[in-house]
Each structure stands twice: as C-alpha cells, then as structure tokens.
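Visitor: Pasting a structure here, questions to come.
Here, each number is a calculation from the coordinates, and none is a lab measurement. Quantities reported herein were computed from a predicted structural model and do not represent experimental measurements. Cβ placement follows ideal geometry from the backbone for every residue including glycine, while neighbour counts extend to all protein chains displayed.
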Amino acid sequence: MKKISLTSLLILSACQGVQASSAADPATERGAKLYQQYCISCHGANLAGGQAPSMADDNWEYGSSDADILKVINEGIDDVGMPAFADSFTEADKQDMIAYIRGGAELKTTAPIDDVSSVESQVQIQDWATDLNEPWGIEFIGQDRALVTEKSGKLWQVSSNARNEIIGIPASVDKRQGGLMDVAIDPDYARNGWVYLSFTHADEEKSENLMTKIVRGKIEAQNSALLWTQEQTLFQAKPEHYLNTGFHFGSRITFDNKGHLYFGIGDRGKKEMAQDLSRPNGKIHRIMRDGSIPKDNPFVDNSDAYATIFSYGNRNPQGTIVHPETQIVWETEHGPKGGDELNAIKSGVNYGWPKISYGRNYSGTVLTPHTALPGMAQPVSQWTPSIAVCGLDVYTGDLFPEWKGRLLAGSLANQTVRLIDVDNESYLGEAILIKDKGRVRDVTTGWDGAIYVALPNKIVRLSPAP
Ligand code: HEC
C-alpha cells in the first residue's frame, strides 16, 4: 500500500471538513509556542496565512521537505520580507517549529459556499404563516404559536390560523438595515412572562441619529386586544454615540444558563469604532436579564469603556445563540465582500474587525492585508464569498434526531439555511438544508421539533419528508 504523508492526511481531513486536533506531542507544542512568538504576525494563526503564505495548505513555493523548510528559516527569502532566523534559534527549536508546521497545526476550515452537500430531500417545506412583511425575528411561545417581528415595526402573535398584533410596543425606525429586529422570551417565561425586543431607536433630540436599543415588557390580554406593558429599558447607548447611518444594527438576543443576556450591535458602517471600547457599536454585549451589569464583564474596570461590552471587533452580528449543551456563545457576522464569520464568542476577546478580515472592500480593493494578527481571534470558520449570514439557532427538536445540537444558520444573499456540525468549539462541516426559497432572515426550532424559517413574506415549516 502506498504511504500517505501526514500533510496529505491533514489536507484530506480539511477537505472533508474535519478539524485536525493539535497533537499533544511536546516538541510540537514547543514549536507552536515559538511559532506564535516569531511567525504568527505574518503567517497567521494556525498557519492560515496572512501577509505571508499559508503553511496549512500543501503549496510549498520553496520546497516541501524538512530540509527545504529549514533552509528558508535559516536564510530567509530576500526581497519579500521573510526574515533569516539562522541565529535566532537553536537547532532543536528549529526542528520543533518544523514539527509544528508539519503536523501540529489546527487546521481551520473554510466553509464551502457552493460545493456543499444538500439534505433538502430529507425535509418537506410547507407555508406556516403567509402575508407577512419582512419578518425579522421568530420566537415560539407555544406548540403552534410564535411571536414574530416585522422590520417595519410590528410585533405579532402568530399561529397557523390566526394573527394578533401586540399594541403599544416602542417606536422603531425602519431605515435601510434598521427597524424592529429581534424578539426573545425569558428562559423563565412561563413563570415571569418577560419578552425582549431589539430595535433601531432614534435619539429623542436628534431624530436622524440612530442606535440599537434593548427593552423588555410583558404581553397582557385585555378584552380581545394584546397589550405591551411594564416596559423596561435594558440597554440604551449614550446619545452622543447614536449615528445617522442606516447600516449594521446587529442584533439577536440570546441567554445562557447563568442569568446573562447577550446581544450584538454592528459597527454601524463606522468600522474603526469596532476597535474602540468607548463606543457601543461593533460589539457583543452582555447584561443581566434586568439590564444590570455582570460584575465579571471584561471591561467593568475600564472607566472609558461601555461596561456591557463582552467582545469587540465584530462587524455586524446578525446571529447569536448560546448552545444549550456547551454554553458556547455562537455568533455569525457579515463580512464585507467575503469573510462572513462563524465565531465562538468569549469574554474580552477582540475578533479583529477591521484590522483583520478574510473579506475585501465591496469595490474589490484590499481592505486590510491581514487575515490574522496577534491578539485577535480567528473565526471558527468563514465563508468567502459571503453568503450574508442572518439568523442562528441550535436544533433542539426530536423530529430530526440526528441533527440535534447542530447549528442552523440562515443566509440572505445565498438564500440558504445551513446545518452546521460543531464539536465544542470546532467546526466539523455543513450541509445545505434549504436553498433558493428566498432571502432567509431567521431560523428557529419550534416546540413541535419542526424548523421554522423566516423568508421575505412568510414563515415556512420544515418537517421530515414523507
Ligand atoms: C515579517 C514577516 C514574516 C515573518 C515574521 C516570518 N515569515 Fe516566513 N515568509 C514570509 C513571506 C513574505 C514569505 C513568502 C515569500 C514568497 O512568497 O515568496 C515567507 C515564506 C516562508 C516559508 C516558505 C513557504 C513556502 O511556500 O515554501 C516558510 C517555510 C516560512 N516562511 C517559515 C517561517 C517561520 C517558521 C517563521 C517564524 C520563525 C516565519 N516564516 C516568519 C514572511 C515572514
């Protein structure tokens, strides 16, 4: 039998969407540390490339043998910026780095765009609620009953045969990408009745200035009407941080099992602000469900920062969900032209926008030469070209037992729902669940175990094909 090299095995597993785990071999670990210290700034996290070529693929411009790699490390490459490291390391250090480059790297996969298998034949698609106008968020409150937001500013209680508007919700501004956005219910909704909304809010004095705002309230039936009552503001930016653009408002609401609420605000089209902790945009925020600030939020001791910030450098998060089994905060965010990201959001971490990105400016010009830099997290996976990710959930139902625990990610431009297989923080692969039914704004598991998808004018229900 022909011998297969370790590198080609790694490449093979990457093609299959399998993430190679980092070897626990001590030489490789030492090599990884040296790599992180001396090489990552150019060659990128996990050897993925950046200013300098990827060393996770199987393309070796200067030769692929250990001796070839050693020669490059020793002598550098004149004129292109690869430094000579002959005197910087011991021979053992160099061998350890080669061991890391050879096999120890955690290969990051790039999520496939078109060349991805489809499981569409396993589902049947039926209209569940029609004649809706740009439904943005769906949240089930019963077996056949959901709260549904329309971007234009209406909140509905919807079932397959009836629809009631909830009267008295706060005014939102339906401008470009803004409007009434997400709706979510409290993890203890059955007991406390709290309903959460995110929306585009206009500054009271300068109404052209907008920002994402988060409130909660309760829905009360009076006579035959459903009224929004007991409203509380949970997050509102400082008036001087409202902006008059119509871009990138975020925003999904999700909860972990420790009483926290997470929501995202996009960069509002002001990309540099995503790196500025004194600004609320370009961030994932974490608050308690009553709007108070968790004492262990990462920037509570920084008097310039918004104390609600949990992570930063996030371009436009329109999918956020806490995985019920792992409690990982999964997030999908829009890249520019390319570089849509799937991230595992962690406290205090910089996700790099706009300093690093796999995308380009919409004009096609280079936005940043970096896909990786020290101190900035890599996405778990990324889609280039962009699919325009929007809406994210974890499948938790019983109708499709083999899909339990997988992520459901919607996409606007690509008009797909993707079923993403993850293992803890690793991306394993994905399949297309539905395609070409229209731009997907939200996707969720119903109480009946079916999957519900918000399309431009309706919500469809996916159940097992007969
Ligand atoms: C200042 C930026 C920079 C740093 C730091 C750097 N490299 Fe490079 N490296 C480059 C560039 C640029 C090239 C590609 C030259 C080309 O494409 O012609 C390169 C090429 C290489 C290659 C050849 C790849 C091939 O395709 O054959 C190897 C191997 C390599 N570098 C290893 C390392 C190691 C190991 C370190 C850390 C000890 C390191 N580099 C640090 C910029 C850098």
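Visitor: Want the number for Lys238 to Asn74: 0.36 nm per residue separation, take away the alpha-carbon distance, what's left?
Guide: 53.7 nm
Visitor: Another question, if that's okay. Order the peptides 317-328, 70-81 from the highest to the lowest mean number of other Cβ atoms within 10 Å of their residues.
Guide: Those peptides, ordered most packed to least, come out 317-328, 70-81.
Visitor: Between Glu325 and Asn257, how many nm apart are label points set 7 Å from Cα along the C-beta direction?
Guide: Modelled inter-label distance: 1.3 nm.
Visitor: Let me check against my output: what whole-number percent is the relative contact order of the chain, with C-alpha pairs under 8 Å and at least 6 apart?
Guide: Normalised by residue count, the contact order of the chain is 14 percent.
Visitor: A further question on this structure: Positive end of the charge dipole of region 292-362 (Lys, Arg +1 and Asp, Glu -1 on Cβ, about the Cα centre): tell me which of Thr308, Asn297, Gly319 has its Cα farthest that way.
Guide: After comparing all options, I get Gly319.
Visitor: Next question, about the same structure. Report, largest value first, the span of the C-alpha coordinates of region 216-261 along each principal axis, in whole Å.
Guide: The Cα atoms of region 216-261 stretch 41, 31, 18 Å along their principal axes.
Visitor: Which three semi-axes in whole Å describe the equivalent ellipsoid of the chain, each the square root of 5 times a Cα gyration tensor eigenvalue, listed largest first?
Guide: One finds semi-axes of 42, 26, 18 Å for the chain.
Visitor: Right, here's the next one. Calculate the length of the line joining the C-alpha centroid of region 302-331 to that of region 110-134, in whole Å.
Guide: For region 302-331 versus region 110-134, the Cα centre distance is 27 Å.
Visitor: When N counts the residues of region 127-269, how does its alpha-carbon radius of gyration compare numerically with 2.2 N^0.38 Å, as a ratio?
Guide: It is 1.04.
Visitor: Can you give me the long-range amide H partners of Lys458? Hydrogens built in the peptide plane at 1.01 Å from N, cutoff under 5 Å, separation of 5 or more residues or another chain.
Guide: Residues meeting the criterion, in which the H sits 1.01 Å from N, are Leu132.
Visitor: Per residue Cα convex hull volume for region 344-466, in cubic angstrom?
Guide: 131 Å³
Visitor: Please work out the FRET efficiency for the pair Asp127 and Ser278, using the Cβ-Cβ distance as r and a Förster radius of 51 Å; give the result to the nearest 0.05.
Guide: 0.65
Visitor: Per 5 Å bin, what percent of the C-alpha pairs of region 257-304 does each bin hold, from zero upward?
Guide: So the P(r) values, bin by bin, are 5, 21, 25, 24, 17, 8, 1.
Visitor: Right, another one. Between Arg145 and Glu402, what FRET efficiency comes out of the Förster formula 1/(1 + (r/R0)^6) with R0 = 41 Å and r the beta carbon distance, rounded to 0.05?
Guide: With R0 = 41 Å, the Cβ-Cβ based efficiency is 0.90.
Visitor: Taking all pairs of distinct Cα atoms, average 1/r, flip it, and tell me the Kirkwood hydrodynamic radius of region 188-291 in Å to one decimal place.
Guide: 14.8 Å
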